[in-house]
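Okay, so here's the structure we're looking at.
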Amino acid sequence: MIEIQNASFSYTEWEDEEDTQYTSRVLHQITSSIKPNEFVALLGRNGSGKSSLTRLLNGIELPSEGSVQVEGRFTHVSQSIPLIRRAVQIVFQNPENQQVGMTVGEDIAFGLSNIGYPQHQIQERIAWAIDLVGLDADEDRPVTHLSGGEQQKLALASVLALSPRYLILDEATSMLDPVARKQFVRTLHEARKRQPFALIYITHHLEEVLEADRWILFRNGHLYLDGSPDQFLTNEALLSECGLELPYYHALALSLQGKGIPVSTSLGIEELRELLCRFN
Ligand SMILES: Nc1ncnc2c1ncn2[C@@H]1O[C@H](COP(=O)(O)OP(=O)(O)OP(=O)(O)O)[C@@H](O)[C@H]1O
Ligand SMILES: [Mg+2]
């Protein structure tokens, strides 16, 4: 379990000329928790505080007030940090910035060596991670020869090799084209079935998180609302207040409902298309 208790956070900046220190509070008294194996989406406008919160979750930053605990360990206890960093892994939006090896194998091996994974098992683990994310590349492939989608799968393989208990994806699909994005999301969920972990998913694309257990909506650094997706999906005004847009097929189902046509909003795009063809 991750437990966030009344956590606030401020960035500190220095004005060089006057040597003055400024602090700006970007998270205000956040209280929440994330259970093992839960799928939680963090949603909200640009600058609402989503990424800042994730930095508190793996101890990159410490709350200025309140606390964060990962499986009973406080992030402000420095001895706990190595274990917390291992338990909570992050995949960011730009795959290139996350690569540390020249080849697929080197990239996955780097994190494993860092955590002291037994040397004689690293090779086997690399093969396991490549298979887990369905990366169609052998370990000697230079990372520069991978497509954007493949590079992001490699980033995923490199962190999943470390068996995280919590995986944060911070707009990890935003640099991918729609086909690669869908494939990446599918891969992620298949990997979760084989090796369960909690997923903390930040995105501006609601269609990627329709199956989440919870949506947490941020507004101006505040945790504004927390609930099941169904609670929010019928409330377009609320979503747009938080800078979110319904997937177009979902909006279509809602407007058909408004015209008295009995269409479920839980239909996926394919099912909705089939249903509409039948109406025709
Ligand atoms: N390193 C930093 N130094 C100072 N202020 C920062 C820093 N990083 C973020 N901020 C500010 O903190 C606030 C919250 O930013 P954060 O990146 O957490 O938002 P976000 O919800 O992740 O936004 P986005 O959707 O654009 O990624 C913003 O006002 C931002 O300008
Ligand atoms: Mg962000």
key: Residue among Leu154, Leu167 that alone is more than 16 Å from ligand 1 (Cβ to nearest atom) and outside any helix (DSSP H, G or I)   = Leu167
note = Here the qualifying pairs (Cβ atoms under 7 Å; residues six or more apart or on different chains; first in the stretch 43-59 and within 20 Å of Pro164 (Cα to Cα); second in a helix (DSSP H, G or I) and away from ligand 2 (no atom under 11 Å from the Cβ)) come out as Asn58/Ile84; Asn58/Arg85; Gly59/Ile81; Gly59/Ile84; Gly59/Arg85
query = Which one of Arg73, Arg45 is open to solvent by 70 Å² or more (accessible area, probe 1.4 Å), modelled with pLDDT of 95 or more and within 12 Å of ligand 1 (Cβ to nearest atom)?
reply = Arg45
task = Could you please give the count of residues in the stretch 175-196 that are open to solvent by 50 Å² or more (accessible area, probe 1.4 Å) and under 13 Å from Gln93 (Cα atoms)?
result = 2
task = Quick one: Ser24 ticks every box in (1) within 13 Å of ligand 1 (Cβ to nearest atom); (2) closer than 23 Å to Ser78 by Cα except a single one, so which number is it?
result = (2)
note = Only one of Glu139, Glu124 is modelled with pLDDT under 95 and of a type in the set (Asp, Glu), namely Glu139
request  = Being acidic (Asp, Glu) and either free of Cβ contacts under 8 Å to residues at least 40 places away in the same chain or open to solvent by 90 Å² or more (accessible area, probe 1.4 Å) (or both) is the filter here, so list the residues in the stretch 92-134 that pass it.
outcome  = Glu96, Glu106, Glu124, Asp131
message = So Leu135 ticks every box in (1) within 17 Å of the chain's Cα centre (by Cα); (2) under 28 Å from Leu206 (Cβ atoms) but one. Which box is left unticked?
response = (1)
inquiry  = Here is a list: Ser52, Ser48. Which entry is part of a loop (DSSP other than H, G, I, E, B), within 16 Å of ligand 2 (Cβ to nearest atom) and assigned by TED's automatic domain parsing to the domain that holds Ala191?
reply    = Ser48
query = Of everything in the stretch 197-228 that's without any contact (Cβ under 8 Å) to a residue 24 or more places away in the chain and open to solvent by 10 Å² or more (accessible area, probe 1.4 Å), which residue is farthest from ligand 2 (Cβ to nearest atom)?
reply = Ser228
Matching residues in the stretch 14-42 - criterion: being in contact (Cβ under 8 Å) with a residue 60 or more places away in the chain, small (Gly, Ala, Ser) and either within 16 Å of ligand 2 (Cβ to nearest atom) or part of a loop (DSSP other than H, G, I, E, B) (or both) = Ala41
task = Might you check whether a residue that is in a helix (DSSP H, G or I) and more than 16 Å from the chain's Cα centre (by Cα) occurs anywhere in the stretch 208-223?
result = no
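The values are calculated or read from the model by the stated rules, or taken from the named source; none is laboratory data. Everything numeric in this text was worked out from a predicted model, so none of it was measured. So basically every Cβ, Gly included, is an ideal-geometry build from the backbone, and we count neighbours across all protein chains shown. Calculation scope for accessible area: heavy atoms of the full protein, side chains included, ligands and nucleic acids excluded. Shrake-Rupley method; radii C 1.70, N 1.55, O 1.52, S 1.80 Å.
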